[in-house]
């Protein structure tokens with residue numbers, strides 16, 4: 001019987017990035033450990049961006065790769081999500097002579113990855129057999145995390161929540177912001193369309209800010225979890241218990257979680273846009289066209305289709321362990337910060 005696959009996740013300590021790497025390992029059934037890294041000195045990142053395309057990858061610009069770790073049976077694969085993990089992932093993979101996987105667009109650092117997993121809304125990349133495109137961010141919740149979230153939600157409500165709707169509020173990012181008055185109007189419209197007896201449960205993000213949290217605090221809600229003062233994450237419970245979920249348009253991670261789990265109808269509350277055309281709008285437009293979300297316009301829809309990523313496992317295995325090519329395709333646009341912070 002073949003042994004299980006052992007993976008190291010290179011982490012930049014951004015939860016939104018780290019969770020996508022964990023989701024991949026969980027979906028693939030890989031054992032994993034997390035290795036936090038950072039650039040060692042000012043200018044280290046610029047140095048790696050200059051050296052890597054030449055095939056030169058010294059380890060000294062990165063702190064953290066010397067941390068001791070061992071796997072019984074050895075290491076099989078290295079995973080990195082986000083621009084500050086890609087170089088370190090390839091250095092470690094080269095040291096252990098194992099394949100490396102990039103999640104999101106590594107841009108000029110593309111060469112050297114055996115597989116690159118890119119959401120369709122991200123910057124375009126050259127055609128490549130290494131490329132795997134997904135309609136959403138990777139999101140595969142831990143069953144224990146779901147159970148803990150549900151237990152806590154039951155505890156806070158005091159009884160079974162019965163029929164309920166969930167409200168997930170993000171905040172400002174590089175392309176959009178939540179107008180407080182828009183949120184008040186949304187809340188009123190939602191309340192007017194709720195059947196009798198339905199509970200309204202809400203949670204905010206660390207990006208929501210005091211003005212948004214005050215609106216949620218003052219609203220007539222059956223439960224409100226304010227991220228500014230409360231570390232409980234009810235979103236996993238929402239995906240299992242809520243018949244309808246409303247989520248703001250600013251976080252691909254939050255939207256990805258609710259369109260890949262459970263069976264709730266999904267309503268997107270649109271933020272005010274600072275950038276007229278941006279990747280979040282492309283992301284939502286694609287999901288709306290495929291019936292996975294409905295953009296809330298005062299009326300509710302029935303967008304209950306869920307994104308199925310079951311084919312990902314076989315695609316990943318074939319690229320990592322059947323294809324020995326390192327890949328020499330031209331690099332695309334460097335991937336920068338995705339502007340997301342998950343709760």
Conditions (1) in a helix (DSSP H, G or I); (2) in contact with a strand residue (DSSP E or B) (Cβ under 9 Å, 6 or more places away or on another chain); (3) at pLDDT below 95 -> residue 253 fails only (2)
For the stretch 35-45, check the following and say yes or no: at least one residue is within 28 Å of the chain's Cα centre (by Cα), over 26 Å from residue 139 (Cα atoms), in a helix (DSSP H, G or I) and modelled with pLDDT of 95 or more.
yes
Inspect the stretch 252-262 for any residue being within 23 Å of residue 157 (Cα to Cα), outside the structural domain of residue 19 (by TED's automatic domain parsing) and surrounded by fewer than 24 Cβ atoms within 10 Å (Cβ to Cβ) and give the result as yes or no.
yes
Apart from one, (1) free of Cβ contacts under 8 Å to residues at least 40 places away in the same chain; (2) closer than 22 Å to residue 137 by Cα; (3) touching a helix residue (DSSP H, G or I) at 6+ places or on another chain (Cβ under 6 Å) all hold for residue 81; the odd one out is (1)
Here is a check on your reading of the model: is residue 282 out of contact with any helix residue (DSSP H, G or I) (no Cβ under 9 Å at 6 or more places or on another chain), farther than 25 Å from residue 151 by Cβ and not assigned by TED's automatic domain parsing to the domain that holds residue 155?
no
Working only within the stretch 274-297, note down all residues that are surrounded by 15 or more Cβ atoms within 10 Å (Cβ to Cβ), at pLDDT below 95 and more than 20 Å from the chain's Cα centre (by Cα).
none
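So that you can scan it fast, the table gives a plain yes or no per residue for (1) under 19 Å from residue 107 (Cβ atoms); (2) in contact with a helix residue (DSSP H, G or I) (Cβ under 7 Å, 6 or more places away or on another chain); (3) surrounded by 22 or more Cβ atoms within 10 Å (Cβ to Cβ):
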residue	(1), (2), (3)
6	no, no, no
10	yes, yes, yes
16	yes, yes, no
25	no, no, yes
30	no, no, no
45	yes, no, no
49	yes, yes, no
62	yes, yes, yes
89	yes, no, yes
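The values are calculated or read from the model by the stated rules, or taken from the named source; none is laboratory data. Not measured: the values here are computed from a predicted model. Glycine also receives a Cβ, built like all others from the backbone with ideal geometry; neighbour counts cover every protein chain displayed.
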